[in-house]
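*Asks:* First the structure, then my questions, so here it is.
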Amino acid sequence: MSKTHVKMTVNGKAVEALAEPRTLLIHFLREELDLTGPHIGCDTSHCGACTVDINGQSVKSCTVFVGQAEGADITTIEGIAHADGTLHAVQEAFRQHHGLQCGFCTPGMITRAWRLLQENPNPTEEEIRYGISGNLCRCTGYQNIVKAIQAAAEELSVKEAAE
């Protein structure tokens with residue numbers, strides 16, 4: 001199959017490449033850009049391990065062809081940390097509140113939580129549970145994930161108030 005030229009911004013950096021149009025974005029990110037944070041889970045869009053942010057929306061990258069991402073602004077788990085390498089409040093909250101166990105769902109879960117807190121900076125527990133419902137975790141029972149997102153929301157609101 002012939003390759004097509006694609007351009008996009010990934011984690012703040014311009015990317016240009018040749019790719020087969022039928023290549024899934026998750027495979028392009030992992031295999032062509034060496035961004036292995038987003039995981040390949042179910043390949044059916046059910047688990048959310050491959051969640052990335054595309055143009056301000058959480059998207060399961062196993063459902064997007066690389067050609068559909070032409071011109072898009074994409075953020076993966078690698079792009080959420082601050083430029084100096086310090087963790088974003090959501091990442092730090094997951095670490096502090098043990099919002100992970102095996103870690104397989106964690107990149108997609110954190111990426112979704114990051115976007116959720118931009119959509120709703122002060123979500124209730126019910127809103128958090130609904131907001132992450134497209135991301136499955138088979139280990140934690142979600143309690144610590146919810147606590148981590150609540151803690152991150154609080155931390156971010158304190159930082160915003162201080163600015």
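The values are calculated or read from the model by the stated rules, or taken from the named source; none is laboratory data. From a predicted model like this one, the values you see are computed outputs, not experimental measurements. Virtual Cβ from ideal backbone geometry, glycine too; neighbours counted across all protein chains shown. Heads up: the accessible areas ignore ligands, DNA and RNA and are worked out on the full protein's heavy atoms, side chains in. Shrake-Rupley method; radii C 1.70, N 1.55, O 1.52, S 1.80 Å.
*Asks:* Among THR36, THR23, THR51, THR76, which is the only one that is at pLDDT 95 or above and touching a Phe, Trp or Tyr at 6+ places or on another chain (Cβ under 9 Å)? Steps first, answer last, please.
*Replies:* Working: THR36 fails: touching a Phe, Trp or Tyr at 6+ places or on another chain (Cβ under 9 Å); THR51 fails: touching a Phe, Trp or Tyr at 6+ places or on another chain (Cβ under 9 Å); THR76 fails: touching a Phe, Trp or Tyr at 6+ places or on another chain (Cβ under 9 Å).
The match here is THR23.
*Asks:* Need the failing condition index for GLU119 against (1) open to solvent by 40 Å² or more (accessible area, probe 1.4 Å); (2) under 30 Å from PRO21 (Cβ atoms), just the number.
*Replies:* Result: GLU119 passes all but (2).
*Asks:* With respect to GLY56, determine if the residue is of a type in the set (Gly, Ala, Ser), buried (at least 18 other Cβ atoms within 10 Å of the Cβ) and out of contact with any His (no Cβ under 8 Å at 6 or more places or on another chain).
*Replies:* Values: of a type in the set (Gly, Ala, Ser): yes; buried (at least 18 other Cβ atoms within 10 Å of the Cβ): no; out of contact with any His (no Cβ under 8 Å at 6 or more places or on another chain): yes.
Spelling it out, it is not the case that GLY56 is of a type in the set (Gly, Ala, Ser), buried (at least 18 other Cβ atoms within 10 Å of the Cβ) and out of contact with any His (no Cβ under 8 Å at 6 or more places or on another chain).
*Asks:* When you go through LYS159, LYS147 one by one, which is the residue that is of a type outside the set (A, V, I, L, M), open to solvent by 70 Å² or more (accessible area, probe 1.4 Å) and in contact (Cβ under 8 Å) with a residue 60 or more places away in the chain? It would help to see each step written out before you state the result.
*Replies:* Values: LYS147 fails: in contact (Cβ under 8 Å) with a residue 60 or more places away in the chain.
Result of the check over LYS159, LYS147: LYS159.
*Asks:* Can you give me the number of residues within segment 19-57 that are among the hydroxyl-bearing types (Ser, Thr, Tyr) and within 25 Å of GLU119 (Cα to Cα)? I'd like the intermediate steps shown before the answer.
*Replies:* First, pick out the residues of segment 19-57 that are among the hydroxyl-bearing types (Ser, Thr, Tyr): 23, 36, 44-45, 51.
Filter once more, so that each one left must be within 25 Å of GLU119 (Cα to Cα): 45, 51.
The number of residues fulfilling the criteria is 2.
*Asks:* Which residue out of ALA93, ALA14, ALA83 is free of Cβ contacts under 8 Å to residues at least 12 places away in the same chain and outside any loop (DSSP other than H, G, I, E, B)?
*Replies:* Details: ALA93 fails: free of Cβ contacts under 8 Å to residues at least 12 places away in the same chain; ALA83 fails: outside any loop (DSSP other than H, G, I, E, B).
After ruling out the rest, the residue left standing is ALA14.
*Asks:* Now, a different point. Specify the residue that is surrounded by the most Cβ atoms within 10 Å (Cβ to Cβ); the eligible residues are those in segment 96-109 that are of a type outside the set (A, V, I, L, M, F, W, C) and outside any helix (DSSP H, G or I). Steps first, please.
*Replies:* Looking only at segment 96-109, we keep the residues that are of a type outside the set (A, V, I, L, M, F, W, C), and these are 96-99, 101, 103, 106-108.
Adding the requirement that they be outside any helix (DSSP H, G or I) leaves 97-99, 101, 103.
Details: HIS97: 18, HIS98: 13, GLY99: 27, GLN101: 15, GLY103: 11.
Only one residue fits best here, namely GLY99.
*Asks:* Among the residues of segment 47-80, write down those that are closer than 18 Å to ASP34 by Cβ, out of contact with any Cys (no Cβ under 8 Å at 6 or more places or on another chain) and outside any strand (DSSP E or B).
*Replies:* Listed by number, the residues that qualify are VAL66, ALA69, THR76, ILE77, GLU78, GLY79, ILE80.
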